[in-house]
1. Based on DSSP H runs of at least 4 residues, each adding -39500 (n - 2.57), what is the mean residue ellipticity at 222 nm of the chain after dividing by all its residues, to the nearest 500 deg cm²/dmol?
2. Enumerate the residues in region 1-16 having an amide nitrogen under 17 Å from the point lying 7 Å beyond the Cα of His97 toward its Cβ.
3. Can you tell me which of Ser56, Ser67, Ser130 moves the most in a GNM of the chain? Springs connect C-alpha atoms under 10 Å apart.
4. Taking just the alpha-carbon atoms of region 1-135, what radius of gyration and Dmax come out, in angstrom?
5. Evaluate the charge dipole of the chain about its Cα centre and quote only its size in Debye, nearest 20, assuming +1 on the Cβ of each Lys and Arg and -1 on the Cβ of each Asp and Glu.
6. Using the Cα gyration tensor of region 81-205, with a ≥ b ≥ c the square roots of its eigenvalues, what is the shape: rounded (a/c below 1.5), prolate (a/b larger than b/c) or oblate (neither)?
7. Regarding region 142-221, what's the average projected area of the Cα-atom convex hull, expressed in nm²?
8. Classify region 91-165: rounded, prolate or oblate, from the alpha-carbon gyration tensor (a ≥ b ≥ c, eigenvalue square roots; a/c under 1.5 rounded; otherwise prolate if a/b is larger than b/c)?
Amino acid sequence: MFPLRDHNPSTRTPIVTWALIVLNVVVFVSYVDLFGNPARLGPFFDTWGMVPARVSQDAADLTFLTSMFLHGGFFHLAGNMLFLWIFGDNLEDEFGHFWFLVFYLASGLGAGLVHYVSDPLSTIPTVGASGAIAGVLGGYLLLFPKARVDILFILIIFIRIIPVPAWIMLGLWFALQLTNGVVADNAGGGVAYWAHTGGFVIGFLFTIPAWLRRGGVTFWRTTHGHPPHAEARYRRVRTGVPMAGRRTQRQTSKARGPWG
């Protein structure tokens, strides 16, 4: 279940969101060649990733910050940037450019702290913007619980794009992180689920003042949980790719013969 876009347009150019995406991509490109050399990649992540055991020895360790701009692979980066692209612009719209940047960094640092507390003796380096982006998801849930989000739903051969309220998609995402965090504690694993969970909760809490300034529950009653502006509408576009019928497929199959 992957989010593709929301129906919640922003009213200002999300320059901070774009800048964060560009920065993450540029940093990734700067060390992407190390993935072909594990002997160099390991020490690199040990140096710049957040290692809980090292933080236990030096509370002023700066890797809480540097680890937020590193990723463990292309798909790790792509997934994080997709979530930031979809949900970040609306939080930036609500907070303003400067305060959104503060919110993003604070959520990431808080998520890193939660991960550290969950296993302070771990020697495994933690990397990724997931904790900060989880904070964005938590804030989005509070302000726009019924904003429509288009998700790509894949179940074996069943593939559909389905619009769902944000609270369903984000609620399921949070429940999955929380559940996996408990399971990973018992079975071990390589994903910082507690950072995701902590970042989400921290982002939700950080957004409460903005929600209260808009009226709190009264804001929800006025907007019915939807964004306080017209939602974006997307048209389905038919492609010009011709579809082969069954007869054509059978004829083609026969023409190829038994040897293909």
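The values are calculated or read from the model by the stated rules, or taken from the named source; none is laboratory data. All figures in this text were calculated on a predicted structure; none of them were measured in a lab. Neighbour counts are summed over all protein chains in view; Cβ atoms, including those assigned to glycine, are modelled from backbone coordinates with ideal geometry. Each accessible area value is taken on the protein alone, full model and side chains, heavy atoms only, with ligands, DNA and RNA left out. Shrake-Rupley method; radii C 1.70, N 1.55, O 1.52, S 1.80 Å.
1. Values: 11 runs with 157 residues, N = 260.
Calculated at 222 nm, the ellipticity per residue is -19500 deg cm²/dmol.
2. Output list for this probe position: 10-16.
3. Ser56
4. Answer for region 1-135, Rg first and Dmax second: 15.5, 47 Å.
5. About 1820 debye.
6. Values: a/c = 2.16, a/b = 1.15, b/c = 1.87.
Judged from the Cα gyration tensor, region 81-205 comes out oblate (a/c at least 1.5, b/c at or above a/b).
7. For region 142-221, averaging the hull's shadow over all directions gives 6.8 nm².
8. Numbers: a/c = 2.99, a/b = 1.30, b/c = 2.30.
Oblate, because a/c is 1.5 or more while a/b does not exceed b/c.
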